[in-house]
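For reference, the structure discussed in these notes is given below.
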Amino acid sequence: MIDPVKLAQELIRCPSITPKDAGVMEVLTAHLKSLGFQCHLVTFSDAPGEPTQNLYARLGTAQPNLCFAGHVDVVPTGDASKWSVDPFSATIRDGYLIGRGTEDMKSAIAAFVAAVSELPKPHAGSISLLITGDEEGVAINGTRKMLPWLKAKGEVIDACIVGEPTNPTTLGEMAKIGRRGSAYGEVKVLGKQGHAAYPELADNPVTTIIHMLHRLKTTQIDAGSDFFPPSNLEITSIDVGNNAGNVIPAEAKAKFNIRFNDKHNAKSIEAWVRAQLDAVAGKYELAWRISGESFITPPGVLSGLIQKAAKEVTGIEPVLSTTGGTSDARFIKDICPVVEFGTTGSTAHAIDEKVKVEDIIKLKDIYLRVLQKFLAA
């Protein structure tokens with residue numbers, strides 16, 4: 001059997017800052033092969049992303065195929081001198097495993113692999129892992145491309161657990177059955193430069209963009225849906241680039257982000273934005289980018305098994321939520337039901353990222369129960 005804590009330490013000691021591998025896939029595949037998995041390492045290198053190594057590993061050939069999806073890449077450490085330990089030393093102190101990637105999400109990967117090592121044999125169905133190396137980056141050469149690769153190979157995934165850190169502070173609090181969509185907008189208002197003393201000879205874009213942003217921020221997008229809160233828009237930047245106090249500038253720019261629920265898609269939310277901008281007199285240009293559509297996996301077999309297993313191990317039944325940012329589940333939802341459940345996430349991406357050692361062991365026990373019950377069903 002594999003010790004989940006020791007495996008987590010091995011993975012964390014590989015400084016796999018996205019999209020660099022740093023030996024982490026070699027560590028992971030060695031353990032999976034020891035359990036009998038057939039491992040396929042696949043590298044994609046198409047622009048605009050950087051070359052990324054991905055892994056698909058499968059144990060068994062029968063259906064159903066329960067997949068665990070995750071990523072071994074991590075965000076940069078920031079100023080390493082501000083950490084209390086070397087960020088990649090995987091130090092255990094005061095009951096916590098400290099290091100970059102402990103919460104997001106190498107501990108969850110280690111817990112799942114350790115759970116498989118404890119699964120009684122023989123067992124029905126198959127178990128697979130879909131692991132990428134670019135989730136924290138542009139997400140171009142990872143899961144997005146691995147899914148067509150799997151289809152071409154005839155691989156069918158029946159259900160998927162994504163090991164993202166879903167629990168706000170305590171293991172067992174929350175599982176994710178969907179995510180809001182995310183849209184990025186940049187509006188540039190075009191005016192006419194002039195002297196501040198003669199506003200009638202100019203067209204002030206600052207005044208116009210203030211009215212536009214006020215309308216975007218104060219107009220309700222929707223009232224929410226059965227599984228989602230109301231869609232939300234946040235203004236993230238306003239830039240005029242004007243250092244002269246007596247000059248009306250020629251243009252003004254602003255950036256904003258919208259997290260939208262399942263009442264909208266990329267086209268409808270863009271149409272809503274343009275309608276608000278058009279309602280304010282002024283010439284503008286809108287740059288628009290969607291990083292993910294909203295999606296929902298309605299409560300069902302997999303989410304129910306996770307809730308039951310988590311309550312058995314922790315005494316807490318996770319609420320089913322759609323909060324938070326985006327994850328690779330936004331791609332996987334196109335091929336099968338997907339539920340996210342992992343460690344806590346309160347220190348993810350932070351200085352001294354850490355997870356309780358006992359939580360890694362408990363998460364292994366939760367995954368083991370889910371595997372046993374899903375494959376038995």
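The values are calculated or read from the model by the stated rules, or taken from the named source; none is laboratory data. Predicted model only: the values in this text are computed from it and were never measured. Neighbour counts run over all protein chains shown; Cβ positions are idealised from the backbone, glycine included.
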Among (1) in contact with a Gly (Cβ under 7 Å, 6 or more places away or on another chain); (2) within 14 Å of Gly133 (Cα to Cα) - the single one Pro64 does not satisfy: (2)
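Condition check ((1) out of contact with any Pro (no Cβ under 8 Å at 6 or more places or on another chain); (2) among the acidic types (Asp, Glu); (3) touching a residue at least 12 places away in the same chain (Cβ under 8 Å); (4) in a helix (DSSP H, G or I)) across all residues:
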| site | (1), (2), (3), (4) |
| --- | --- |
| Ile2 | yes, no, yes, no |
| Val5 | yes, no, yes, yes |
| Lys20 | yes, no, yes, no |
| Ala30 | yes, no, no, yes |
| Val42 | yes, no, yes, no |
| Gly49 | no, no, yes, no |
| Leu55 | yes, no, yes, no |
| Val85 | yes, no, yes, no |
Take Thr52 and decide whether it is of a type in the set (S, T, N, Q), closer than 19 Å to Ala139 by Cβ and crowded, with 21+ Cβ neighbours inside 10 Å. yes
Sole exception among (1) touching a helix residue (DSSP H, G or I) at 6+ places or on another chain (Cβ under 7 Å); (2) assigned by TED's automatic domain parsing to the domain that holds Ile335 for Glu173, by number: (1)
Given the conditions (1) surrounded by fewer than 24 Cβ atoms within 10 Å (Cβ to Cβ); (2) closer than 28 Å to Asp222 by Cα; (3) among the β-branched types (Val, Ile, Thr), and given that Thr170 satisfies all but one, which numbered condition is not satisfied? (2)
Kindly establish whether Val189 is within 22 Å of Tyr367 (Cα to Cα), at pLDDT 95 or above and either assigned to a loop (DSSP other than H, G, I, E, B) or aliphatic (A, V, I, L, M) (or both). no
Within segment 240-359, which helices (runs of 4 or more DSSP H) (wholly inside it) include 1 or more residues that are over 24 Å from the mean Cα position of the chain (by Cα) and in contact (Cβ under 8 Å) with a residue 60 or more places away in the chain? 266-278, 301-314
Considering segment 76-92 alone, what residues qualify as being surrounded by 13 or more Cβ atoms within 10 Å (Cβ to Cβ) and either out of contact with any strand residue (DSSP E or B) (no Cβ under 7 Å at 6 or more places or on another chain) or of a type in the set (Gly, Ala, Ser) (or both)? Thr77, Gly78, Ala80, Trp83, Asp86, Pro87, Phe88, Ser89, Ala90, Ile92
From the options Ile269, Ile316, Ile258, Ile306, residue that is at pLDDT 95 or above and under 20 Å from Cys67 (Cβ atoms): Ile306
Among the residues of segment 64-83, are any within 15 Å of Ala159 (Cα to Cα) and either outside the structural domain of Thr143 (by TED's automatic domain parsing) or assigned to a loop (DSSP other than H, G, I, E, B) (or both)? yes
Looking across segment 7-18 at residues that are modelled with pLDDT of 95 or more and in a loop (DSSP other than H, G, I, E, B), the single one that is nearest to Glu358 (Cα to Cα) is Arg13
